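Any read-out appearing in this document is the output of simple, stated calculations on the displayed coordinates, not a laboratory observation. Here the structure is a predicted model, which is why all the values come from computation and not from measurement. Here Cβ is always computed from backbone atoms with ideal geometry, including for glycine, and neighbour counts include all displayed protein chains.
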Amino acid sequence: MAELSNTLEKHFGHRSFRSGQEEVIHSLMADRSALAIFPTGGGKSLCYQLPALLLDGLTLVISPLIALMKDQVDSLIEKNIPAARLDSTLSATEVAQLYQRLEAGELKLLYIAPERLANEKFRRRLKSLSIALLAIDEAHCISEWGHNFRPDYLKLTRFSRELKIPRVLCLTATATPKVAEEICAHFEIQPEDHHQLTFYRPNLDLAVTPLKDNDRQAYLLGQLQKGTLEPTIIYTTLQFGAESLASFLNKNGIPARPYHAGLRAEARAEIQEEFMSGTTPVICATIAFGMGIDKSDIRAIYHYNLPKSLENYTQEIGRAGRDGAQARCELLACQDDLRVLSNFTYGDTPQPDALRSILHLLLDHEDEFDISTYELSRTQDIRPLVINTLLTYLELEGYLKATAPFYSTYKIAFTRDLEHLLNGFDPKRQDYLRRLFACGKSNWKWTELSLEETAQTLGEPREKVIKTLGYLEDHGDITLKPAGLRQGYRLLKKPDHFEELHTRISDLFQRREHSDLQRIQQVVDHALSSRCLYQSLLSHFGEEMPPCGHCDRCQGKTPTTELPSSPPPDIGVHELELIQNLIQEKHSGLRSPRSLARFLCGMTSPATSYTWYLPEGARKKIRLTTHDAYSLLEQHDFQTVLDLCEQQIID
C-alpha cells in the first residue's frame, strides 16, 4: 500500500486513488489478469500506468487510435516516465532508435495498435523482451458482438499466450454483461477481478425530445439561445450534417465549427484547440470528435441524430460535466435517422458470391503469399474492414497465419542532383545505384520503384533494395514515400469441405448484421421508454438503480408511443425508368439485387467508386456514384428497396 501511494504521488501528483483504481491495481500486482469497466473519464489509464512502474519488465499497451497514443505518451514523458509509441507516423530512423531503447530495457510502456501484432518479425522481437503486462484499451472491440468490433482485437488472446505475458488488463467504458463475459472468457479473468463502476452520473440531466427532421434545427437554435452560451458538443451521423448544421448556427449568431474525419488533420487540430481554449464554444461533430478530449467543463451534449448504439451514446454523453457541475444531455429523436444507420450496417454485409470468390482466392494458394486489402476490396466489391474480418476468421480457424506487412512500391524524390549524390560513392556503388534508379518510372517530382521488379532486375534480395533506400533517406539524399501496402500470409491448411466453410462464414456476417440492427433498435426503445432514462440506459449494462429523480421522465415528461417520421416520396414511373436503364447498362458491380439496392440507397462500395464501362464498351474515367440513379431511393428503407430490386431484375 505504501509503495502504491508513494508511486501515485511521486509520478502522477495524486494523494488518493479514484474509485475502483486501487482494486484493479491490486489484482495486477497479485499476478492476476483483470477487467476494468469504468465510464468515460473514470481514470482507466492509471490502472496500468502505475503498475508499469512497479512491475519488472515492459508494459505493452494496445490502443486503437494514433492520436490517443500520442496524447498519452506525451503526458507520460512530461512526468519523466519512459514511454513510447510505435505507429505509422514514425520514420525509419525513429523506429530504429525505439528498438534500441527496447533492447536496452529503457522503456516501461510501449503503445501500439492491434494491427502491429500481425507482423511476425515484430512478434519475434517482442519474444526476446520481458513483457510484464498487456493492457488492452477499448477492450470491447475483442467481442464479435460488441458495438465497435475491430477484427485484429480478436487475435490478442492468441498473441498474449504466444508471447507468454503473465497478466492482462482489459479496459473499456462500454461493455454489456454479454461482452464482459466474453472478454473474461478470452483471458481467463476471474469474477473477483472483474471491476465495474456505475454508469450513473448524478450531474448529467438526460432528456429525449421527439422531433420531425425539419424541426430539429430551429429547436436546437432555441435551446442554445436560452442563456449564456457554454461549451457544447452536437453529434451528427454524417459529415454533411455536421457541416450544414454548423453553417446554420453561424448564420443565426451561434459561433460553431464542424468537425469530422473528412477534414484535413491541420483543420481538425485547429478546431479542437479552439474548442479546448473556449474560442469556439460549439462543435458540430461526427463521432470522430471526443476521443481523448479532456475538457472538464462541457455543459451540454446534444445528439442531433440518433446514435448507432447505446454504448456509443453512453460514451458520448460521458464527455459532459467531468468537473462535477450540472450538464444537459439531450437526444433529438427522429425515426428518419434509422434509414441512414441501418444502411451503414447493410453496406458492410458481403454478398455470398463475392464471399465465395474471395475464399477461393485466399485458400487456393500454396505455402506463402501476399495480398493487398485495397486491391481485393476493389475486385471483389467488399469493404476493406469486411475483408480484414474475413482474414481474421480464417486465422482463428487455423487456415492462415499472418507473416509480415510490407510496401510493394516506393516513391522517391531526390533532394539534390543525382550526379551530385553519386559523387559520394565508389565506382562499384555508383554503378549499383544507377542501375537501381533506372528501374524506376519518373515524372516531374517522383521516381516510382516496384520493389519486386527492381529486385528481380538487379538480381539482388528485396531487403537489400529497401536497406539502400533507407540509407539514402537517413543521409538526406532522398525523400521516400511508401505505397502499395501488402500483407503476407502463410497457408496452414485447406478446408476439407469448402461449402461448409463458406456457409459458416456467411452466417457469421449475417449474424453481425442482425446484431448491429438490434443495437439500433435498442436506441429507439430507449428513446420511447416510459421508465426513468437512467434506469433504461443502465439496465443495458446490467445495472439496476432506483429512479434518478432528475431526468425528463422523472420530471414528468410523457414519452411518445412512436418517433416522428416523414413519409418517403412515392416511387413513380420516372424512378422505375432510371432503375431499368441502370440495370440495362450491366455494370459489373450492380449485378445482384442487394448490390443494386445498396447503390440506390446511396451506399458506396468499392465496385461503384472507380472506372466504369459504357454499354458500347468504351472505357470512361468516371465514378459510378456520379450516375443519375445513385442514391435515388435514399429516403426509403433498405428492405423496401431490396424487394423492389429483386422484382426489377426478374422483370
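General observations
- Note on the range 262-320: the alpha carbon radius of gyration divided by the globular reference 2.2 N^0.38 Å gives 1.13.
- For Lys226, a cut-off of 16 angstrom between C-alpha atoms picks up these aspartates and glutamates, skipping any fewer than 8 places away in its own chain: Glu330.
- Between the C-alpha center of the range 54-106 and that of the range 510-549 there is a gap of 38 Å.
- Between Asp353 and Ser128, the simple spin-label model (points 7 angstrom out along Cα→Cβ) gives 5.1 nm.
- Relative exposure of Arg322, Arg429, judged by other C-beta atoms within 10 Å (fewest first): Arg429, Arg322
- Divided by 2.2 N^0.38 Å, where N counts the residues, the Cα radius of gyration of the range 204-338 comes to 0.95.
- In the range 2-196, the alpha-carbon atoms span a convex hull of 113 Å³ per residue.
- Over the range 73-134: Rg over Rh, Cα atoms, Kirkwood Rh: 0.93
- Of the residues Tyr111, Tyr471, the one with the fewest other Cβ atoms within 10 Å heads the list, and the complete ranking is Tyr471, Tyr111.
- Calculated FRET value between Ala96 and Ala67, using beta carbons and R₀ = 30 Å, to 0.05: 0.80
- Comparing Cα centroids, the range 154-177 and the range 349-420 end up 26 angstrom apart.
- Cα-based convex hull, the range 570-610, per residue volume (Å³, whole number): 72 Å³
- Distance between modelled label sites at Lys401 and Gln647, nm, 7 Å Cα→Cβ extension: 5.4 nm
- Residue-averaged [θ]222 nm for the chain, counting only DSSP H segments that reach four residues, each worth -39500 (n - 2.57): -13000 deg cm²/dmol
- The range 118-143 and the range 238-312 have their alpha-carbon centroids 33 Å apart.
- Cα gyration tensor category, rounded, prolate or oblate, for the range 61-108 with a/c compared to 1.5: oblate
- Tensor-based shape of the range 176-215 (alpha-carbon gyration tensor, a/c under 1.5 rounded, otherwise prolate or oblate): oblate
- Exceeding the 19 Å Cα-Cα cut-off - candidates Lys121/Lys464; Lys251/Lys308; Lys10/Lys79; Lys70/Lys401; Lys164/Lys494; Lys127/Lys164: Lys251/Lys308; Lys70/Lys401; Lys164/Lys494
- Per-q log10 I(q)/I(0), the range 299-435, q = 0.15, 0.17 Å⁻¹ (Debye; single scatterer per alpha-carbon; no solvent): -0.90, -0.98
- Legend: P(r) of the range 340-394 from all alpha carbon pair distances, 10 Å bins from 0, whole percents, reading 21, 56, 18, 4, 0.
- Length gained when the stretch Thr198-Ser296 is fully extended (0.36 nm per residue, less Cα-Cα span): 33.4 nm
- Shape analysis of the range 352-491 based on the Cα gyration tensor places the equivalent ellipsoid semi-axes at 37, 15, 12 Å, largest first.
- Contact order normalised by residue count of the chain, Cα under 8 Å, 6+ apart, percent: 13 percent
- Here each label is just a point 7 Å from Cα along the line to Cβ, and for Met29 and Ala413 those points are 5.2 nm apart.
- When Ile478, Ile66, Ile287 are arranged by Cβ crowding within 10 Å, least crowded first, meaning fewest neighbours, the order is Ile66, Ile287, Ile478.
- Calculated SAXS-style log₁₀ I(q)/I(0) at q = 0.11 Å⁻¹ - the range 384-465, Debye, Cα scatterers: -0.47
- Cα pair distances of the range 410-550 binned at 10 Å [whole percent]: 9, 23, 13, 9, 15, 15, 11, 4, 0
- Debye intensity ratio in log₁₀ form over the Cα atoms of the chain, taken at each q of 0.06, 0.07, 0.10 Å⁻¹: -0.40, -0.54, -1.13
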